[in-house]
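All remarks here apply to the structure that follows.
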Amino acid sequence: MIAEFGHFALILAFMVSLFQMTVPLVGAAKGWLGWMDSARPAALAQFLLVGVSFAALTMAFVTSDFSLKLVYENSHTAKPMLYKISGVWGNHEGSMLLWVLILALFGAAAAVFGDNLPPQLRARVLAVQASIGAAFFAFIIFTSNPFLRLENPPFDGRDLNPLLQDPGLAFHPPFLYLGYVGLSMAFSFAVAALIEGRVDAAWARWVRPWTLAAWMFLTIGIALGSWWAYYELGWGGFWFWDPVENASFMPWLLSAALLHSAIVVEKREALKSWTILLAIMAFGFSMIGTFIVRSGVITSVHSFASDPTRGIFILGILAVFTGGALTLYAVRASSMTAKGVFTPMSREGALVLNNLLLAVSAFVVFIGTIWPLAAEFLWDRKLSVGAPFFNKAFTPFMIALAIALPFGAIMPWKRAVFARAARPLRGAFIFALAVMVLVFAVSTGRSAIAVIGAGLGAWLIAGSVADLLHRVGNSGLSRLFRLPRADWGKAIAHAGVGVTFIGVGLLTAWQLEDIRVAKIGQPFDLGGYDFTLRQVDQVQGPNYLSTLATIDVNRDGASVAVLHPEKRIYPVQAMPTTEAAIDNGIFRDIYVVIGDEQADGSWAVRTYVKPFANWIWAGAILMALGGMVSLSDRRYRVAVGAKRAAVNAVPAE
């Protein structure tokens, strides 16, 4: 009965979304205030109904209601409660329900916090948001119904994919969807502005907090996915250029460009047309990611690989919304004239360079991701585009971006003299140079990757500090803590990029690896650490059987750690997983994976010493923290920004 109630609530939410996408839009066109105001209660009702539907599905998973086909295929009575709950979105149908729940959440948030938005703009934004919801409600109801019943309910389920039974994967999809779907708000604001023919500083102030929130959640989601791949898959890497990884990375790059571009619109009334285009493309690429994951056209270790008919439906949604928005953009682009004038050597010029580097790097990732599919479709050839292509084609743009960021942050608006603007960065340059010399001196094999990565990271971190000190000037350190939170947030986020650069560069260059057959009680050495396989036991887990090894790690005769790598077998799905054992440290990780037993009783063991591995995710945490600090600045809130009169608006021609 609860499942039917959830299904009914989902259908009602679909009907409300149809109302919300039409009535307020007509009201905005006619100037009927009552019709425009109907968007707000409709958005709240839609969120409430989707919440009820999602709660009903969650209850079915928690109570192991195997009369639901989705629960039967993705759950099991012996599964821990955390994974029963995460099983709700650990499949295609449930994850799409989470998708529309978050979409409705952002629409409801815009309704609640958009009090001071102009009524016509608010009505149009909520109507566009509802139209996206309506499309995905139709997709779920007609092709991906999560509430289908089984005629003869079984006693137990097939269990969730064992790779997804992990804390990292339990929280990774919700954060990723908050980022993916959060970009729908930037899209809705862009389309609403195109309908009105008005893009000005106030519009940029309204759109920035939504974009910043989406970018922040995307950062957390991508970092969680990278962290999960690092320790769960047993490969020991942090990024594999997998198509699904790329699908989340492309909108992250474009949303970062959108954030910086909106600053120019707000401050200088320039780059209006480009900012609108970025808002459309950022959400368009998030829908491309949805298509890649669910169409089955590209295989991935963590895609749903559903049937192609669903992919065609999503492709249709992508074509309608992205194609429609781009058509409207083509019609209105000539009316979005820039008013601010600036020279290439200025903060505006630096932000334009930032946008170009981010946009081109996203395009490079897109080409590498989609090229195998294009080659197969056009020439019937099986091609593989791997890490070597991405590393060579993508890395130069990131290096250029890292060099430019501190200059752009510190330059004045409109016009700058490079020598004068660079003067506050002299200390940062000297610090970065010293770090490069130090890393070069200690590098085994004189690795250029380590030197460049560490130097660029140090340059970004020191540049962020120099930017804050430059803003303080001669006012004393007491003013440092009175700086706007947005300034602090920018500095923290840029420093986070620097920390990640250091982690990636030093880990890539200095990692040590050893693969061997180890005998019990016989020590072996790697990077100055002594490893001894003490014993291997068979252990019964809640819903799996484990081969659990005990490995002692010593250095100079002193114990460093006792590690317990595992190989698990989940009997229900008869699927093995590898659980790496990691001794985490600030400056290094010791990473051990147990393999198969050999005929003589020895075991295959893979061992790594990974310098500065955790700096990669520490940098991502700092980036997200910087976004959070900036978002807390009252100037970034929609209500405050909306109080500014929409002066110098550009009417449609």
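What is the chain by shape, rounded, prolate or oblate, if you read a ≥ b ≥ c off the alpha carbon gyration tensor as root eigenvalues and call it rounded for a/c under 1.5, prolate for a/b larger than b/c, and oblate otherwise? Verdict is oblate for the chain. Please compute the contact order of region 1-165 in relative form: average sequence separation of alpha-carbon pairs under 8 Å and at least six residues apart, divided by the residue count, as a percent. Taking the mean separation of contacting Cα pairs over the length of region 1-165, I get 36 percent. Distance between the pseudo-spin-label points of residue 404 and residue 430 (7 Å out from Cα toward the beta carbon): 2.8 nm. Ranked by the mean number of other Cβ atoms within 10 Å of their residues, highest first, the peptides 389-399, 414-424 come out as 389-399, 414-424. Apply the a/c threshold of 1.5 to the C-alpha gyration tensor of region 513-611 and tell me whether it is rounded, prolate or oblate. The shape class here is prolate. For the listed peptides 346-357, 517-528, a ranking on the average number of other beta carbons within 10 Å per residue, highest first, reads 346-357, 517-528. For region 593-603, 3J(HN,Hα) computed residue by residue from phi via the Karplus equation (6.51, -1.76, 1.60; θ = phi - 60°) reads 10, 9, x, 8, 6, 9, 4, 8, x, 7, 10 Hz, glycine and proline entered as x.
The residue 389 and residue 516 beta-carbon pair, evaluated with R₀ = 41 Å, returns a calculated FRET efficiency of approximately 0.85.
Its Cα gyration tensor gives region 1-165 an equivalent ellipsoid, and the semi-axes of that ellipsoid, as √(5λ) in whole Å with the largest first, are 36, 14, 11.
Over 26 Å apart at the Cα level, from the set 382/567; 392/414; 267/490; 69/567; 79/519; 30/267, are 382/567; 392/414; 69/567; 79/519; 30/267.
A helix-only calculation puts the chain at -21500 deg cm²/dmol for mean residue ellipticity at 222 nm, using -39500 (n - 2.57) for each DSSP H run of at least four residues, averaged over all residues.
With 0.36 nm allotted per residue and the present C-alpha distance subtracted, the residue 537-residue 602 stretch has 22.1 nm of extension available. Packing-based ranking of 447-460, 80-93, 582-595 yields 447-460, 80-93, 582-595, ordered from highest to lowest mean Cβ neighbour count within 10 Å. Each part reduced to its alpha carbon centroid, region 15-94 and region 101-122 end up 17 Å apart. Taking a point 7 Å from the Cα of residue 339 along the Cα-to-Cβ direction, the residues of region 264-294 with backbone N closer than 15 Å to it are 264-273. In sequence order, region 606-618 has phi-based couplings of 10, 10, 10, 10, 10, x, 6, 4, 6, 5, 4, 7, 5 Hz under the Karplus curve 6.51 cos²θ - 1.76 cosθ + 1.60, θ = phi - 60°, and Gly or Pro positions carry x. Legend: ranking of residues 596, 37 from fewest to most surrounding C-beta atoms inside 10 Å; resulting order 596, 37. If the chain linking residue 356 and residue 545 were pulled fully straight, counting 0.36 nm for each residue of separation and taking away their Cα-Cα distance, it would gain 62.9 nm.
Contact order for the chain, expressed relative to its length and based on alpha carbon pairs under 8 Å spaced 6+ residues apart, stands at 13 percent.
Multiplying the residue separation of residue 418 and residue 483 by 0.36 nm and removing their Cα-Cα distance gives an extension gain of 20.9 nm.
For residue 157, the residues 5 or more places off, or on other chains, whose built amide H falls under 5 Å of its own are 77.
Where a number appears in this text, it was derived from the coordinates with a stated rule and is not lab data. These numbers come from a predicted model, not from an experiment. For neighbour counting, all protein chains shown are included, and Cβ atoms are generated from backbone atoms with ideal geometry for every residue, glycine included.
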